[in-house]
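Here the structure comes first, spelled out in structure tokens, and everything after it is commentary.
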Amino acid sequence: MKKILSALVLAAVLTAAPGFAVAAREKADAAARRAPVAGKEAAAPSTAANTAAHEQKAAAASEGGACPEAEKEVHPPKQFWPHKGLFGVYDMASVQRGFQVYREVCASCHAMKYLSYRDLGALGYNPEQVKAVAASVTVTDGPNDEGQMFERPGRPSDPFKSPFPNDKAARFANNGALPPDMSLLVKAREHGEDYIAALLTGYSDAPACASMNPGMNWNKYFPTHQIAMPKPLNDGQVQYTDGTPNNTQQEARDVAQFLAWASEPHLNQRKEMGLKIVLFMLVFAGIMAAAKCRVWEGVK
């Protein structure tokens, strides 16, 4: 019975095989006939796209041609920062000068909503100095017992006062651009402190080939080279009390150092604690190794 069934299945397969082969050949012939047509259809959009691209390039060339300076991406130069590295710590004198630059220059446009005035105690300011800095601003509080908002001097527990009540007011005052919050700016920008310091010193006249938008300023380190923020720092703009030269490069380095501290204010304590833990683990490992040798010294 099994032999009969096998013979029937084999006969059916042999009978159907020619039909399958013919169908396969017909499909292959049809595909071959359609291939040139499809190729022509695919080539048509490509030709149209190339023509459009050539027309755009020709139009750009007729308007003055390409501007290499505007298309070139410039990376900020690598600088030495004392808080980098395994054992690096902040230069607190530079951080204090940077806070002075922020307070006198940057605070007119940029907020730092994640810092409070009491955080300045970590920079070396005593409680009275912190209270004086906080009281130099007026903040809105309330409501009072009558349900009204009121103005009062700032307190150490208050966050840094924002220069604008909301984002729309900030855009209106800055040609439509929204000044970024500086609390975590170093962490949010590629190259961190290097980028901040380079950006603040990267202003210059726009090249003749560049087409500048209204109200924009040329900065070679900004990604598009056109930035809404005018040049914020100039030589001698901030008067340092410790005798440090107050040129533009020094002011930019100091404010970049302050912004690095603002983004990670506990870095010094974290590295100090990490060093203590590493030393403890080394001593503990030595004690454990000595105990192991003592316990197993009699075992051969």
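Residues whose amide H falls under 5 Å from that of Q226, counting only those 5 or more places apart or on a different chain, are N219, with hydrogens built in the peptide plane. Stretching the chain fully between A177 and V74 yields a gain of 34.8 nm (0.36 nm per residue, less the alpha carbon separation). Our estimate of slack between D242 and A135, defined as 0.36 nm per intervening residue step minus the Cα-Cα distance, is 36.1 nm. Distance between the pseudo-spin-label points of E104 and D205 (7 Å out from Cα toward the beta carbon): 2.9 nm. Based on Cα contacts under 8 Å between residues 6+ apart, segment 190-300 shows a relative contact order of 21 percent.
Please give the contour-minus-distance gain from N144 to V278: 0.36 nm per residue of separation, less the Cα-Cα distance, rounded to one decimal in nm. Numbers along the way, then the final one.
Details: separation 134, 0.36 × 134 = 48.24 nm, distance 5.27 nm.
This chain segment gains 43.0 nm when fully extended.
Within the accessible surface of segment 85-232, defined with a 1.4 Å probe on protein heavy atoms only, the carbon and sulfur portion equals 53 percent. The residues packed around I277, meaning those with a beta-carbon under 15 Å from its beta-carbon, carry a net charge of +2 if Lys and Arg are +1 and Asp and Glu are -1.
When you restrict to C-alpha pairs under 8 Å that are six or more residues apart and normalise by the size of segment 68-163, the relative contact order lands at 28 percent.
The values are calculated or read from the model by the stated rules, or taken from the named source; none is laboratory data. Keep in mind that what you see is a predicted model, and the values were worked out from it rather than measured. FYI the Cβ positions are ideal-geometry reconstructions off the backbone, even for glycines, and counts take in every protein chain you see. In case anyone asks, the SASA skips ligands and DNA or RNA and just uses the protein heavy atoms, side chains included. Shrake-Rupley method; radii C 1.70, N 1.55, O 1.52, S 1.80 Å.
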